[in-house]
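Notes to accompany the following structure.
The values are calculated or read from the model by the stated rules, or taken from the named source; none is laboratory data. In this text the structure is predicted, and so the values were computed from the model without any measurement. Here Cβ is always computed from backbone atoms with ideal geometry, including for glycine, and neighbour counts include all displayed protein chains.
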Amino acid sequence: MAVPSSAQLEEVDGQAPGGGSKPPGASALKTILRKPSVIFSLAFLLIVTGMAVFAPWVTQLSGWGPLQFDESAVDSSTGGLPLGPWGGISADHWFGVEPQNGRDIFARIVYGARVSMLIAICATALTMLIGVTLGMLAGFAGGWVDAVISRLMDFLMAFPALIFMIAVLSAVPQGNRPLLLVLVLSLFSWPQTARVVRGQAMSITNREFVEAARASGAGRMTLVFKEVLPNLSGTVIVMATLAVPTFIATEAGLSFLGVGVIPPTPSWGQMIAQAVPWYASHPLFFAVPGIFLFLTVFSFTILGDNLQKVWASGGRS
Amino acid sequence: MTDKPMLQVVDLTIAFPTAAVVDQVSFEIPQGGTMGLVGESGSGKSMTSLAVMGLLPREARTTGRISFMDEELLGRSDRQMRRLRGDRMAMIFQDPLSSLNPYYTVGFQIAEAYRAHRGGSRRAGLRRAVEAMDRVKIVDADKRVNHYPHQFSGGMRQRVMIAMALVCEPELIIADEPTTALDVTVQAQILELLAEVQQSTGAGMLFITHDLAVVSQVSDRITVMRHGRTVEQGTAEQIFSRPSNDYTRQLLAATPRLDDQVDLPEPILTPVGSEDS
Amino acid sequence: MISYILKRLLGAVVTMLAVIFFTFIIFFYLTPDPAASICGDACTPDTIVQIRRQLGLEEPFFVQFWAFLSGIFVGRTYGEGTAAEIYCSAPCLGYSFQYRTDVFDGIVDRLPVTITIAVGAAVLWILSGVAAGVISAVKQGTWWDRGAMMFALAGVSLPNYFVALVLQYLLVVQLQWLPFPAVVGFTDDPTRWFQTYIMPWTVLALMYASMYARLTRTNMIDTLGENFMRTAHAKGLRPAPIMLRHGLRPSLTPVVTLLGMDFATLLGGALITETVFGLNGVGRWAYNAIGTNDQPVIMGVTLLAAFAVIIANIVVDLTYTALDPRVRESTK
Amino acid sequence: MTRQPLLRAENLVRDFRTGPRTIFRAVKGVSFDVARRETLGIVGESGSGKSTTARMAAKLIEPTEGLLEFDGVDVTYKAGKALRDFRGGVQVVFQDPYSSLNPRHTVEQVISAPLLYQGRKVLGGRRRVVKESMERVGLNPDHSGRYPAQFSGGQAQRIGIARALVVEPQLVICDEAVSALDVSVQAQVLDLLRDLQRDLNLSYIFIAHDLAVVRQIAHKVAVMKSGEIVEQGSREAIFDAPRHEYTQSLLAAVPQVDPSWEAARQAG
């Protein structure tokens, strides 16, 4: 049966030559880069990001744009099902075509990646900005500032966010959709970040080295930026890595429900929704965006999870 | 009565996949005697005690012999060791707060140790716990059994740990830095209590500490350890009055004493308004 | 303890008022004119004004807000003094002119489906998640652990509507193991009831169980490293009591906290599963109402959900104090 | 001869709020002073208020009542520039060498932090000053690029001392500065502290729970219990002729090696 771990026993004798650990950095990345799951995830994400960034060139290469109809690829006699086996997969259409209008699924996946990534990354940046700022403020200032921010966080976290997002998004039909999505996603997500940052800031503030810095003559701002912030960077990187897939998934979910990205702009969630009536007759139309969505989210999650492990163990893996 | 030692450790070597932590350590404890294991951090003294209890992590490789009441302990199955632990040999740890589970009353935790070996009802277990707490001089034991660890002071918590160790009347008590986390006045009380307990039960004791002054008071025989090896072994009197090893001597010299006369620089007592600006 | 509960309740009331106010503002300023959507095609400016007046939409913001707020406690009457007077009894969360129903009643009618989905899924994911987490922690580093954790990561990464559709496609359409889901009472047809709900339960449980497994595992590993675990071994306890009594019990408190927070997202999950499987619960009602711009329904559901979340959080905090004797002490 | 102490505390009181209507008085009016090149030891058990007293003396927390004078100037409620000047004169060494050093900073960053934070310009640049102070405390200056966790406990505590010394303070407050160290390392650090005092005319306020350690370094000793100083006097007065009952019981409780064994060893 499992008895105390060796790490614990090391503590008993205080044997670890340093008791603490080196701050993780390059060595941490090296450690996780040895794991096959991380390598596969990174490779996949590189491909998807590449597709997203170079979407126009990629589709030029594949030959079909995301909005181009190809009536020659569908069979009007069957109600618009793609011609040929496997949903019309051919040299022309690598992932087949959509039923009825014959749009190229590959091109729509590529452009969908672009939309998803853009929204997710912007939302992550905004969430981190708000979350870290307010979390630090709450954790460091304490008192009424903390009380106000904490109440606000409680309030937003008590909100049935998805229903609310759907309601707001459906209520405001005009304007810049992606921007609106970024704003709404961030509005309900920053409290999670802020909560973690607040907790960390509070515990770091109580660590002796912060007091030591005060004794050295550090002012408030110096304490926050020079002493506390470097110790939060790991947490923030991990949270950001894990926020990206959440946003990709939520954006896709909202688009699936018809309140996200508006057609004809392609989005993976929207593609899944469009495929629902066809899933029995043209399963590939449904499966391709679903699998891409899953793999992207999964890869980001694996990456974030591994980073988290490395940071939690202090770079020793 | 036999003159055979109750605990005999011969050439004990403990190795982890990365490093050896204890190297060929040998000592024995006679019936009712006390062996003090003393050393600084990293000396392997705690590992040695855990090896006796069979509490080393799985990845540890142990060789040598540990015989307890003429029975070989090394190589025993976990199930066999479990029957011994808490029953015939018990352990007291350094930090009583973290060594007690915050979620259960102290009575429950003491009774648990009893019932694991002797069975019986929950109520009978609690009665035993009250008795054990009485023995370690916790006042109002019948009320205090229902309290949680955080409701006790540091010294009282250590008494609870001792009560837990005593509840099955063990033949061997292993005390791993039992007073290190305590204030001096409390330390004195706990040391006194341990001596009384040993007197009344006749149990042997393995006492682990980094504090030479403490070990000089509790142990008949002392083993000085460093980097996993035995540096010197002998009676307390031998070690303290005629240390043969350099390291022992250094350690003794470094230990601060209440009657040391260390020279200090003279303070500068500046009269008001003189050279000072 | 009593004063602690009172304090929490007071905080909850404040939060709830803030939620009501905030929701009201959003709907007041952002949504398109509900009168227009009620009015339909044969609409003249006059009829719109008439409907607006009947709904009280011509009043200033705070008058409307007060009418809404007081309606929750004492009920309210729409279009007072007109021929089409409608009384909405307390607790009045509004009146759906599209469904011609009191929103609160509408929610109450559909709540059993949503609760069945939520509770069933919760039981499933707590049991499976905690069990998987415990086994992974105890067998840390083994293939079981790695496999379970990889599976858990995959679980959180799977879009639930996608899983729902795939399940429906495989089990209902292709293999025909299950009939199409349809709402039936448990007492009417237990088999059908089970066949209907097993898919929504599985979909939600798959998503949440992963998080519970991971959280349980992390906590359990932390607990296994505690000094009191060493004490438990030193006492000679058997492995089962060591793991369950000393290891699992302290690891469960954070799980309870997570459960409280998940109430907030659970309704979203219910919305998606109900919509995909075509089950007529509160979530689906809200989703449909969004499509038809039936404002009172959306607002009512939002508020009720927020209310449920706030209450759940209080219950969690109280459970917490019951679970952890140290917290119990500090709230006395 | 009247003497002007370097630091003088008069009737320091500190309250902590423990609940909405409950206040805990951790320190109940303590007075003490330290002269130049003098060490004041403050001893007491846990909860005696000795650490709170140290933190007040270091101006890490403000006293609820009382007066704190440094070099003849009232600094009790000073802030801003005056506080920065005070920080240049008074530095602190903490108990836990690891947690008192920022794990994400290199040793060079750690040691030069007070210079940076106090906006000091130094001759020859910061790097040189850092290397000098590392040498002074017995650290290899080539290791200035390493992180605190790469050092042993004793070395880490030397880093803490180097950091305190870099601004050339007059008073260093050592809050349980050697408690976490092994005896042999402890002896070396105590040696170092005494040498520094001699060379740099430093004053110390030395907080400890271990009476034997205090005897090694303090010129005079204050014994604290429940927030009060029960007895204060020269080292010899406190250790050889304690008057207060509590001091006596504290001294009696300290475990001692049998003096005859000790004598035999000294003789042999």
- [ ] Read through the list (1) surrounded by fewer than 23 Cβ atoms within 10 Å (Cβ to Cβ); (2) within 10 Å of another protein chain (Cβ to nearest Cβ); (3) in contact (Cβ under 8 Å) with a residue 40 or more places away in the chain, then give the number of the only condition that D:A218 fails.
- [x] (1)
- [ ] Please go through segment B:90-145 and pick out each residue that is of a type in the set (D, E, K, R) and in contact (Cβ under 8 Å) with a residue 60 or more places away in the chain.
- [x] B:D95, B:R135
- [ ] Starting from residues that are among the β-branched types (V, I, T) and at pLDDT 85 or above, keep the ones in segment A:239-270 and report whichever is surrounded by the fewest Cβ atoms within 10 Å (Cβ to Cβ).
- [x] A:T241
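Working carefully through the options A:F155, A:F159, A:F164, find the one that is within 11 Å of another protein chain (Cβ to nearest Cβ), under 30 Å from C:N288 (Cα atoms) and surrounded by fewer than 19 Cβ atoms within 10 Å (Cβ to Cβ).
On inspection, the qualifying residue turns out to be A:F155.
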- [ ] Need at least 3 residues that are over 28 Å from B:T248 (Cβ atoms) per element, so show me which helices (runs of 4 or more DSSP H) inside segment B:39-123 make the cut, counting only ones lying wholly within it.
- [x] B:78-84, B:96-99, B:106-118
Open item on the list: I'd like to verify a number: residues in segment C:166-179 that are in contact (Cβ under 8 Å) with a residue 24 or more places away in the chain and touching a helix residue (DSSP H, G or I) at 6+ places or on another chain (Cβ under 6 Å), how many?
Closed with: 1
Open item on the list: Would you confirm, using the coordinates I've provided, whether C:V19 is at pLDDT 75 or above and closer than 21 Å to C:I107 by Cα?
Closed with: yes
Open item on the list: Give me the helices (runs of 4 or more DSSP H) completely within segment C:231-332, filtered to those with at least 1 residues that are surrounded by 20 or more Cβ atoms within 10 Å (Cβ to Cβ), touching a helix residue (DSSP H, G or I) at 6+ places or on another chain (Cβ under 6 Å) and of a type in the set (S, T, N, Q), ordered by residue number.
Closed with: C:249-277, C:295-323
Task: Neighbours by Cβ (under 8 Å, 6+ apart or cross-chain): first from segment C:109-131, farther than 9 Å from C:W201 by Cα and not assigned by TED's automatic domain parsing to the domain that holds C:L244; second in a helix (DSSP H, G or I) and at pLDDT 90 or above - done: none
Task: Condition check for D:L123: of a type in the set (A, V, I, L, M) and modelled with pLDDT under 90 - done: yes
TODO: Consider B:Q94 carefully, then state whether it is under 26 Å from C:K139 (Cβ atoms) and either not basic (K, R) or not assigned by TED's automatic domain parsing to the domain that holds B:R157 (or both).
DONE: no
Open item on the list: Pairs needed: first member in segment A:133-161, of a type in the set (S, T, N, Q); second member anywhere, assigned to a helix (DSSP H, G or I); C-beta distance under 8 Å; at least 6 residues apart or different chains.
Closed with: A:S150/A:A138; A:S150/A:R198
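Condition check ((1) in a loop (DSSP other than H, G, I, E, B); (2) surrounded by fewer than 16 Cβ atoms within 10 Å (Cβ to Cβ); (3) charged (D, E, K, R); (4) modelled with pLDDT of 80 or more) across all residues:
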| position | (1), (2), (3), (4) |
| --- | --- |
| C:I5 | no, yes, no, yes |
| C:G11 | no, yes, no, yes |
| C:Y29 | no, yes, no, no |
| C:L57 | yes, yes, no, no |
| C:V63 | no, yes, no, yes |
| C:F68 | no, no, no, yes |
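In this structure, does C:V138 turn out to be facing chain A (nearest Cβ under 10 Å), surrounded by 18 or more Cβ atoms within 10 Å (Cβ to Cβ) and among the β-branched types (V, I, T)?
Yes; evaluated as a whole, the condition is true for this residue.
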Open item on the list: Residues that are in a helix (DSSP H, G or I), facing chain A (nearest Cβ under 9 Å), over 26 Å from B:P256 (Cβ atoms) and in contact (Cβ under 8 Å) with a residue 60 or more places away in the chain: does segment D:136-153 have at least one?
Closed with: no
Open item on the list: If I filter segment B:152-167 for residues that are aromatic (F, W, Y) and either assigned by TED's automatic domain parsing to the domain that holds B:I29 or buried (at least 20 other Cβ atoms within 10 Å of the Cβ) (or both), do I get at least one hit?
Closed with: no
Task: Out of D:L165, D:L202, D:L193, sole residue that is among the hydrophobic types (A, V, I, L, M, F, W, C), within 14 Å of chain A (Cβ to nearest Cβ), within 14 Å of the chain's Cα centre (by Cα) and under 18 Å from A:A215 (Cβ atoms) - done: D:L165
Open item on the list: For segment B:41-56: of the residues being farther than 17 Å from C:T231 by Cα and modelled with pLDDT of 90 or more, which is surrounded by the most Cβ atoms within 10 Å (Cβ to Cβ)?
Closed with: B:K45
Task: Candidates A:S62, A:S72, A:S77, A:S90, filtered to the one that is in contact with a His (Cβ under 9 Å, 6 or more places away or on another chain) and at pLDDT below 85 - done: A:S62
- [ ] Would you point out which residue out of C:Y208, C:Y169 is outside the structural domain of C:I72 (by TED's automatic domain parsing) and buried (at least 22 other Cβ atoms within 10 Å of the Cβ)?
- [x] C:Y208
Open item on the list: Would you confirm whether or not segment B:259-270 contains a residue that is in a helix (DSSP H, G or I) and within 7 Å of chain D (Cβ to nearest Cβ)?
Closed with: no
- [ ] Check D:V73, D:V34 and return the single one that is within 28 Å of D:N201 (Cα to Cα), within 14 Å of chain B (Cβ to nearest Cβ), crowded, with 21+ Cβ neighbours inside 10 Å and among the aliphatic types (A, V, I, L, M).
- [x] D:V34
TODO: Go through segment B:188-246 and count every residue that is in contact with a Phe, Trp or Tyr (Cβ under 9 Å, 6 or more places away or on another chain) and part of a strand (DSSP E or B).
DONE: 10
Task: Which numbered condition C:P159 fails, given (1) crowded, with 18+ Cβ neighbours inside 10 Å; (2) touching a Ser or Thr at 6+ places or on another chain (Cβ under 9 Å) - done: (2)
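Would you kindly identify the helices (runs of 4 or more DSSP H) lying entirely within segment D:201-268 that contain at least 2 residues that are under 28 Å from D:R36 (Cβ atoms) and among the acidic types (D, E)?
D:235-240
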- [ ] Given the conditions (1) within 10 Å of another protein chain (Cβ to nearest Cβ); (2) without any contact (Cβ under 8 Å) to a residue 40 or more places away in the chain, report the number of the one that A:F225 does not fulfil.
- [x] (1)
TODO: For segment A:131-140, state whether one or more residues are more than 9 Å from chain C (Cβ to nearest Cβ), at pLDDT below 85 and either surrounded by fewer than 23 Cβ atoms within 10 Å (Cβ to Cβ) or under 24 Å from C:V309 (Cα atoms) (or both).
DONE: yes
- [ ] With the condition kept exactly as written, say whether any residue in segment C:179-202 is out of contact with any Gly (no Cβ under 9 Å at 6 or more places or on another chain) and under 26 Å from A:V310 (Cβ atoms).
- [x] no
Open item on the list: Can you find, within segment D:168-179, the residue that is farthest from B:R249 (Cα to Cα) among those that are surrounded by fewer than 21 Cβ atoms within 10 Å (Cβ to Cβ) and within 12 Å of chain A (Cβ to nearest Cβ)?
Closed with: D:P169
